[in-house]
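Here's the structure we're looking at; comments come further down.
The values are calculated or read from the model by the stated rules, or taken from the named source; none is laboratory data. The structure displayed is predicted, hence computed values, not measured ones. Heads up, the Cβs are rebuilt from the backbone with ideal geometry, glycines too, and the neighbour counts pull from every protein chain shown. Keep in mind that these areas ignore ligands, DNA and RNA; they rest on the heavy atoms of the full protein, side chains included. Shrake-Rupley method; radii C 1.70, N 1.55, O 1.52, S 1.80 Å.
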Amino acid sequence: MASVTIAQAEADRYQVLDGWRGLSILIVLAAHLLPLGPKSWQLNDAAGPLGMSLFFTLSGFLITNFLLRKQNVLDFLIRRLFRIVPLAWLYIIIVLSLTQSNISQYLAHIFFYANWPPMQLTDATSHLWSLCVEMQFYIGIAFLVLLLKGRGLLLIPALCLIVTLYRVHDGVYVAINTWYRVDEILAGGILALSFNDKLGVYPKKLLGWLNQWVLIALLLLSCHPESGFMNYFRPYLAAMLIGSSLFGYSSNHISRLMNSKVLFYLASISYALYVIHGGMRYTWLGEGEILEKYIKRPLLFTVLIVLAHLSTFYYEKKFISFGKALSLKVQKRSNNVVAT
């Protein structure tokens, strides 16, 4: 009975993470597609980093958590590649072919280094900088585990701090370059280490004690362009906010708000929403004079959700299932070789 209770508690926590993922994609879409206030307030400029900091934290947490529990680099890479690449490549090929891009742009996008100088991102692929950061993180963390096994993951806090200090040194508040942004993913890795008791008992106690409304206020402040030095704390505040909803789950209000069926559904199609929306901004549905453009926004959102749903459940799902089956087949073959 105790094991069932523990398993259910962990499942509940992961549901909270789905809520945060759904919220993060809503914030990103709002930042890119809606006016969030007078331009002088720079709320759209703040909403983008807010949504991405939550998304990156979740990614870092889930990837590190997976590798802590199953240090199989090949399994990890196969599953990630078949999750990310099929839709990304399809989108990239369609969009770049429509804009008559050159071979260097194709290569930079297909191999996910378009966010490195010289920048090869186009208007319709500008949002894919985050996939570049993600894929580069996957390769880096895979090599770390391959070389050092589980011990390599314990280097994540130091690596995260180094990246942040590098940002401080160069005076960079927010950027799309991996070396200036990966601390947001690494902060999620620190959260996963805490979740798995790799950093002692005190981080959990601290995160369970912190007031989430205060964390929300500080995170919002750290995302605003005019908040200056506070921008350097954004990765850690995002991780602390999500962590507080994990470790204080039974008693906090934010976690209960995250248990929304709407957010769960948005989380399930969030990757497709993110990839597709960048190009849809530059179609008839997303363009026009100010009044015309925003009158069409409900239709744009409807089309986005329909396309994301179809992509998630009728296109991506097949590749994800194939990736899982391929990973199991490779593991089985590897076990057979070891046995003989």
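Under 11 Å from a label point 7 Å along Cα→Cβ of ASP123: give me every residue in the range 278-300 with its amide N that close. Under cut-off, by backbone N: 281-284, 287-288.
Take each complete run of DSSP H in the chain, measure how far its Cα atoms stretch along the helix's own axis, and keep only those covering 20 Å or more with mean Kyte-Doolittle hydropathy at least 0.0; list them. Answer set is 2-33, 43-69, 73-98, 129-148, 156-170, 297-311.
Of the trypsin sites (Lys or Arg not before Pro) found in the range 12-97, those in coil by DSSP whose Cβ has at most 16 other Cβ atoms within 10 Å are LYS70.
Structure note, pairs LYS198/LYS324; LYS70/LYS198; LYS204/LYS261; LYS204/LYS324; LYS149/LYS198; LYS149/LYS318: Cα-Cα distances above 22 angstrom occur for LYS198/LYS324; LYS204/LYS261; LYS204/LYS324; LYS149/LYS318.
Along the chain, the exposed loop sites are chymotrypsin sites (Phe, Trp or Tyr not before Pro) outside DSSP states H, G, I, E and B with at most 13 other Cβ atoms within 10 Å, and the longest stretch free of them is 112-283. In µm²/s, what is D for the range 150-275 at 25 °C and 0.890 mPa s, where D = kT/(6 pi eta Rh) by Stokes-Einstein and Rh is the Kirkwood radius from Cα pairs? It diffuses with D of about 155 µm²/s by this estimate.
Rolling a 1.4 Å probe over the heavy atoms of the protein chains gives the chain an accessible area of 50 Å² per residue.
Overall shape: oblate for the range 43-179, with the ratio a/c of the largest to smallest alpha carbon gyration tensor axis at 1.5 or above and b/c at least equal to a/b.
Taking GluC sites (Glu not before Pro) in DSSP loop states with no more than 14 other Cβ atoms inside 10 Å as exposed sites, the chain has its longest site-free stretch at 1-286.
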